[in-house]
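A short reminder: the numbers here are calculations on the coordinates, not readings from a lab. Note that the structure is a prediction, hence the values are computed from the model and not measured. Every residue, glycine as well, gets a Cβ built from its backbone with ideal geometry; the counts of neighbours run over all protein chains shown.
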Amino acid sequence: MDDQRDSAITSLFKGAVPLQERTCSLSEQYRNAKPFPHVVIDNAFSPQILHSLIQEISAMSADEWVSVDKDTRERTLRMHTPWIMGPAGNDFLKMIHSAAFLQLLGKITGISHLLPDPYLLGGGYALMQAGDYFHVHADRSSAYDTGLMRRLAMIVFLNEFWLPQFGGELELWNDKATRCEASFEPVFNRAVIFEVKFPNYHGVPRKICCPDGMKRKSMQIYFHTVAPEGSIKAHTTVFAPRTHGTNRIGVRGMIKEIAPPFLVKWMRRRKHA
């Protein structure tokens with residue numbers, strides 16, 4: 001039965017997801033990875049598929065993005081709503097939300113009965129530009145509305161011609177959030193799959209230094225399982241303590257956190273005046 005299933009997966013994704021022949025090796029990498037289970041897969045998808053995603057992102061208008069800049073811990077751009085995703089994005093989602101792809105992820109991670117996230121809660125297209133960052137944090141433990149348990153995150157990077165000096169590395173930190181133990185450049189066709197669990201700290205804490213007009217592009221997807229009653233304590237995003245690593249807060253940042261929103265906006269206008 002397993003051989004028949006693997007053959008079906010290979011047939012379905014032939015030319016689109018060249019992972020099937022590497023599942024044993026990828027599974028070993030995932031299990032043994034430090035500081036927590038993860039695997040980095042280069043050339044995970046067909047370049048043609050990812051190029052279509054890049055073209056779709058480039059065609060999106062400014063009002064289709066939301067700037068996440070509510071405090072000093074995150075400054076990114078997120079897709080306004082999943083309903084604006086075009087044909088390329090929807091085709092990609094159909095593929096990775098399929099039963100065959102979920103089986104493939106299960107073989108790599110050892111997590112059975114994975115469920116997709118068709119509502120893209122916390123997922124979808126994401127952009128970061130010069131000066132943006134996302135401090136060290138652990139992802140929320142459950143889906144926003146369904147109550148399903150988040151188990152895996154997958155980030156697919158869509159950055160052609162990305163140079164090391166631009167920064168933007170995804171960093172994985174130890175369970176005390178005191179030290180970065182792994183980092184990965186966001187280069188084109190690199191997929192990072194990691195376990196969603198507290199305290200699996202990660203982030204992009206150093207401000208990006210790419211040229212003006214260039215953006216760090218990615219597709220972010222979560223995968224879930226049913227949560228047995230009482231099995232998890234639901235929590236939102238948990239940022240690392242302010243005293244740790246690059247997540248420290250200075251005097252200006254402290255003022256921004258305690259000041260009313262109208263005062264923060266006034267300070268920004270003064271800065272750029």
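Key figures for this structure:
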item	result
Every pair of residues 6+ apart whose Cβ atoms lie under 9 Å, when the first sits in region 142-159 and is over 17 Å from Leu93 (Cα atoms) while the second is assigned to a strand (DSSP E or B) and acidic (Asp, Glu)	Arg151/Glu195
Positions within region 185-200 being outside any loop (DSSP other than H, G, I, E, B) and within 13 Å of Ala44 (Cβ to Cβ), in sequence order	Arg190, Ala191, Val192, Ile193
Residue match in region 164-176 (condition: farther than 30 Å from Gly213 by Cβ, surrounded by 18 or more Cβ atoms within 10 Å (Cβ to Cβ) and aliphatic (A, V, I, L, M))	no
Subset of region 48-63 [assigned to a helix (DSSP H, G or I) and surrounded by 15 or more Cβ atoms within 10 Å (Cβ to Cβ)]	Ile49, Leu50, His51, Ser52, Leu53, Ile54, Glu56, Ile57
Selected residue [farther than 21 Å from Ser67 by Cα and in contact with a helix residue (DSSP H, G or I) (Cβ under 9 Å, 6 or more places away or on another chain)] from Trp162, Trp173	Trp173
